[in-house]
Amino acid sequence: MKVAEELRYLVLAIQREGNRLLAAELKPLGITPSQGEVLRVLRDHGPLTLNALGGLLVCETGNSPSRLVDRLVAQGLIHRDIDKDDRRYLALSLTKQGRALCRRIVAAEEVLHKTIDRLVAGQRADATLHTLRAVAGGFPAGEALARRRATEQEK
């Protein structure tokens, strides 16, 4: 097996298993991993326009997250308001219920993170992260994640 092929399948395997574990943790909350990502991004970076939100999502790169947002608005988890900087746009922010749910999403994600931490215990992860960032950076999803990391580092 070629190195690039093995890397691709290893990333796919990790992504599928991670998503499966996270979906199981989020199911009692009534949301999907993609919906959880939208809520977390709004919590960490909001309020945001729909376009700005889309630029920070890994789950919906290249697409508008409007269907995800519509469902979360209907569930009472996200507000749509006129953007204070440009009235031509809508600003998305969490409702009180959305903020409360985010606390539970963080707890669900922590279960997955602890599993990953156990699996890599004793391993040097910095070289692996460097490699994965280099590969992911060539794709829209990796660019979205890099934008999120840069925004968080500015805080």
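The values are calculated or read from the model by the stated rules, or taken from the named source; none is laboratory data. Since this is a predicted model, take the numbers as computed values, not measurements. All Cβ positions, glycine included, derive from the backbone under ideal geometry; neighbour counts span all protein chains shown.
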field: Tally, over segment 27-49, of residues that are more than 10 Å from the chain's Cα centre (by Cα) and of a type in the set (D, E, K, R)
entry: 3
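Go through Ser34, Ser64 for me and flag whichever is under 22 Å from Gly138 (Cα atoms), without any contact (Cβ under 8 Å) to a residue 24 or more places away in the chain and in contact with a helix residue (DSSP H, G or I) (Cβ under 7 Å, 6 or more places away or on another chain). Before you say what the answer is, go through the steps one by one.
Numbers: Ser34 fails: without any contact (Cβ under 8 Å) to a residue 24 or more places away in the chain.
None of the other options fit; the residue is Ser64.
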statement: Considering segment 82-100, residues that are closer than 18 Å to Asp44 by Cα and out of contact with any Asp or Glu (no Cβ under 9 Å at 6 or more places or on another chain), and then whichever is modelled with the lowest pLDDT, we arrive at Asp83
task: Could you please find all residues in segment 1-45 being farther than 21 Å from Gln75 by Cβ and not in a helix (DSSP H, G or I)?
output: Met1, Lys2
- prompt: Just a yes or no: is a residue in segment 72-87 surrounded by 11 or more Cβ atoms within 10 Å (Cβ to Cβ) and in a helix (DSSP H, G or I)?
  reply: yes
- prompt: Within the group Ala121, Ala127, which residue is in a helix (DSSP H, G or I) and of a type in the set (Gly, Ala, Ser)?
  reply: Ala127
- request: Report whether or not Arg71 is among the charged types (D, E, K, R), free of Cβ contacts under 8 Å to residues at least 40 places away in the same chain and closer than 26 Å to Ile31 by Cα.
  value: yes
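Somewhere in segment 66-83, is a residue more than 25 Å from Tyr9 (Cβ to Cβ), within 14 Å of the chain's Cα centre (by Cα) and among the aliphatic types (A, V, I, L, M)? Step through it out loud before you land on a result.
Residues of segment 66-83 more than 25 Å from Tyr9 (Cβ to Cβ): 66-83.
Next, from what is left, pick out any that are within 14 Å of the chain's Cα centre (by Cα): 68-69.
If we keep only those that are among the aliphatic types (A, V, I, L, M) too, we end up with 68-69.
Checked segment 66-83: at least one residue is more than 25 Å from Tyr9 (Cβ to Cβ), within 14 Å of the chain's Cα centre (by Cα) and among the aliphatic types (A, V, I, L, M).
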- line: For segment 27-45 the number of residues that are surrounded by fewer than 19 Cβ atoms within 10 Å (Cβ to Cβ) and in contact with a Ser or Thr (Cβ under 7 Å, 6 or more places away or on another chain) is 1
field: Residue in segment 1-26 that is nearest to the chain's Cα centre (by Cα), counting only those that are loosely packed, with under 15 Cβ neighbours inside 10 Å and in contact (Cβ under 8 Å) with a residue 24 or more places away in the chain
entry: Val11
- request: Check segment 105-117 and report whether any residue there is surrounded by fewer than 20 Cβ atoms within 10 Å (Cβ to Cβ) and assigned to a loop (DSSP other than H, G, I, E, B).
  value: no
